[in-house]
Amino acid sequence: MRKHSLEVSITIIVTLVLALAAIALAADPHVGTWKLNLAKSMINSGPPNKSEIDTFTAQDNGIKLVGDSVDADGKAGHSEFIAKFDGKDYAFTGDSDADTVSLKKIDANTWDEVLKKAGKEVGTGRNAVSKDGKTMTHTSKGKDAKGKDYTDISVYDKQ
């Protein structure tokens with residue numbers, strides 16, 4: 001009887017440990033609040049924002065972004081999207097250059113995105129979180145207002 005109870009207890013403990021490990025591995029490292037680090041960023045598309053805070057929340061096979069910023073002229077901005085990692089277009093509000101975003105997961109720490117305005121692609125990007133989970137780098141490519149190609153590298157620190 002005692003041996004049976006020990007076996008059951010060990011089975012329960014092993015099952016719980018494996019379940020917790022699976023949950024931890026499945027957690028998206030993007031989730032949380034991120035602050036733009038201007039000193040580490042390289043913005044070529046125009047004057048960079050004075051500040052930016054992005055908050056990501058896990059969604060069913062996707063992510064929700066709520067972004068608050070202050071542009072170079074001191075004007076506050078707010079943007080949002082909820083998108084799945086399925087490559088389909090989802091509404092993106094608060095960005096004057098884009099009205100939809102599509103996301104595709106590359107690996108546990110990285111996704112690619114495509115931004116569109118009125119159905120036309122206006123930019124692409126890659127969002128990657130460092131292995132230690134403390135830094136997020138967003139590399140975006142597109143054309144500026146004059147039609148010139150640009151690449152921006154925005155670096156964020158986890159808050």
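None of the figures in this text is laboratory data; all of them are computed from the coordinates on show. Quick caveat, the model's predicted, so the values are computed rather than measured. Cβ placement follows ideal geometry from the backbone for every residue including glycine, while neighbour counts extend to all protein chains displayed.
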Return the whole-Å distance between the Cα centroid of the stretch 81-128 and the Cα centroid of the stretch 45-65. 11
In deg cm²/dmol and to the nearest 500, what is the mean residue ellipticity at 222 nm of the chain if only DSSP H runs of at least 4 residues count, each as -39500 (n - 2.57), divided by the residue total? -5500 deg cm²/dmol
What are the lysines whose alpha-carbon lies under 24 Å from the alpha-carbon of Lys148, with same-chain residues fewer than 8 places away excluded? Lys40, Lys50, Lys116, Lys117, Lys120
Matching label for the computed Cα extents along the principal axes in Å, out of (1) 48, 31, 30; (2) 79, 33, 24; (3) 49, 38, 27, is (2)
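Determine, for His78, His30, His138, the number of other Cβ atoms within 10 Å of each Cβ, and report the residues in order from fewest to most. Present the calculation step by step, with values, prior to reporting the outcome.
Values: His78 11, His30 23, His138 18.
Ordered by Cβ neighbours within 10 Å, fewest first: His78, His138, His30.
For the residues Ser51, Ser154, Ser79, what sequence is obtained by ranking on other C-beta atoms within 10 Å, fewest first? Numbers along the way, then the final one.
Numbers: Ser51 13, Ser154 23, Ser79 18.
Ascending number of Cβ neighbours within 10 Å: Ser51, Ser79, Ser154.
Would you please give the FRET efficiency between Ala27 and Ser51, computed as 1/(1 + (r/R0)^6) with r the Cβ-Cβ distance and R0 = 22 Å, to the nearest 0.05? Spell out each step's value before the answer.
Working: r = 27 Å, r/R0 = 1.23.
Calculated transfer efficiency: 0.20.
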What residue among Val31, Phe92, Phe81 has its Cα farthest toward the positive end of the dipole of the stretch 29-158, where the charges are +1 on Lys, Arg and -1 on Asp, Glu, each on the Cβ? Val31
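Treating only the Cβ of Lys, Arg, Asp and Glu as charged (+1, +1, -1, -1), what charge dipole size does the chain show about its Cα centre? Round to the nearest 20 debye. All intermediate terms of the calculation are to be shown ahead of the outcome.
Details: 22 positive and 23 negative charges, 80 e Å.
Approximately 380 debye in magnitude.
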Using only Cα atoms, find the angle between the long axis of helix 2-26 and the longest principal axis of the chain, and express it within 0 to 90 degrees, rounded to the nearest 10. 0
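Around Asp73, with a cut-off of 15 angstrom between Cβ atoms, what is the net charge of the other residues, counting Lys and Arg +1 and Asp and Glu -1? Intermediate results must be reported in sequence, preceding the final value.
Numbers: positive: Lys50, Lys75; negative: Glu52, Asp71.
Computed value for this residue: 0.
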